[in-house]
1. Does at least one position in segment A:149-157 carry a residue that is touching a Lys or Arg at 6+ places or on another chain (Cβ under 6 Å), of a type in the set (S, T, N, Q) and closer than 22 Å to A:Leu36 by Cβ?
2. Taking segment A:48-68 as the region of interest, how many residues are in contact with a Gly (Cβ under 9 Å, 6 or more places away or on another chain) and part of a helix (DSSP H, G or I)?
3. From the list A:Asp63, A:Asp44, A:Asp26, pick out the single residue that is without any contact (Cβ under 8 Å) to a residue 60 or more places away in the chain and farther than 14 Å from B:Tyr20 by Cβ.
4. Can you report the number of residues in segment A:20-38 which are assigned to a helix (DSSP H, G or I) and more than 8 Å from chain B (Cβ to nearest Cβ)?
5. Among residues belonging to segment A:42-70 that are out of contact with any Asp or Glu (no Cβ under 7 Å at 6 or more places or on another chain), open to solvent by less than 20 Å² (accessible area, probe 1.4 Å) and away from chain B (no Cβ under 14 Å), point out the one that is modelled with the highest pLDDT.
6. Which helices (runs of 4 or more DSSP H) sit wholly inside segment A:113-180 and have at least 1 residues that are within 18 Å of A:Arg82 (Cα to Cα) and open to solvent by 60 Å² or more (accessible area, probe 1.4 Å)?
7. Regarding A:Ser105, is this residue surrounded by fewer than 12 Cβ atoms within 10 Å (Cβ to Cβ), at pLDDT below 85 and more than 16 Å from the chain's Cα centre (by Cα)?
Amino acid sequence: MDALTIDKARRGNRDALSALILANQDVWYRLAVGLLGNSEAARDATQETAMRFLKNIANFNGDSQLRTWSIGIALNVIREHRRQLSLRTPEEYGFIASERRISPSPDHSASLAEHHALLRSLLTDLPDRQREAITLRFFEELSVDDTAAAMNCAPGTIKATVHQALRTLRSKLSKLKGLI
Amino acid sequence: MSSIRKQLAQARADYRAQEYPGNLAHDLLPPRKITRYPSIFISALSGAALAACLILAFQPSIPTPTNVAIQTPIKPTLTTQPAVAAQTTTQSETIDFTLVPESMDLSVPSWDAFQEQANQSTETTATSRESV
């Protein structure tokens, strides 16, 4: 998104704000789906992210890329929703958790799509911080510095978190037959 | 690149295929409206046009001046015949006043004629005094 559009959006230009929202709503949504594992909760989190984005765009000072800044807002919203989801009854949480799980197929000749689905399923079992780091680094393709800025931590922490996450995934995959 | 990294990179396309089912800009932004400054300008222009129409509608009509041609003065004529004067105006809408009888010569006499006329008047005055 060019600097002129961002500047207009900061001044409240409707067309500029609309362009920024449309350019980022898919990023917020797929991040929420990946981290919450629930499409309905992800939709609510995306709407909340957009509202906070509109509310705070005037305060964006440009010290980071707008996309990274907006992903930081989305992460905070997702974490709040995750806390709310964890407060639900075990039955509700179990139902939500089951949406995130995909039974790993022991079939060695599983299709690529099934393999990817398996991989995403394993991701949902990772701790929240590791899942966030892997999603931002590998799926959103943010740099180490941008990932650190979005997660509000140091770049070294991101490197260590990603390393731990990959080791966990490799270990889980190695346990499944013929999926390494 | 390790196997797991490759697999994650390959799964990226499936991840990015997910799209938000709707239009957040349409849902959250206020409806588009006419900006303030053009509306003020249009309102001012409309008010000025209305005021101009009202002024023209209630303005008293001012006769437009017309070019008055210089007309030659009408020479009045007076008729001295009493019979004519006694006639009532009902018979005629106009009264003809002829001040100078038509029989009177109005031409300017020459000097010699004037002097001769003056001598004749002097002799007439002397004759009348002698007779008295």
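1. no
2. 2
3. Working: A:Asp44 fails: farther than 14 Å from B:Tyr20 by Cβ; A:Asp26 fails: farther than 14 Å from B:Tyr20 by Cβ.
Only one candidate qualifies: A:Asp63.
4. Taking segment A:20-38 as the starting set, the residues that turn out to be assigned to a helix (DSSP H, G or I) are A:20-36.
Now drop any that are not more than 8 Å from chain B (Cβ to nearest Cβ), which leaves A:20, A:23-24, A:27, A:31-32, A:35-36.
Result for segment A:20-38: 8.
5. Only one residue fits best here, namely A:Leu66.
6. Per the criteria, A:128-134.
7. no
The values are calculated or read from the model by the stated rules, or taken from the named source; none is laboratory data. Everything numeric in this text was worked out from a predicted model, so none of it was measured. Cβ sites come from the backbone with ideal geometry, for glycine too, and all protein chains shown count toward neighbours. Surface areas here come from the heavy atoms of the whole protein model, side chains and all, with no ligands, DNA or RNA. Shrake-Rupley method; radii C 1.70, N 1.55, O 1.52, S 1.80 Å.
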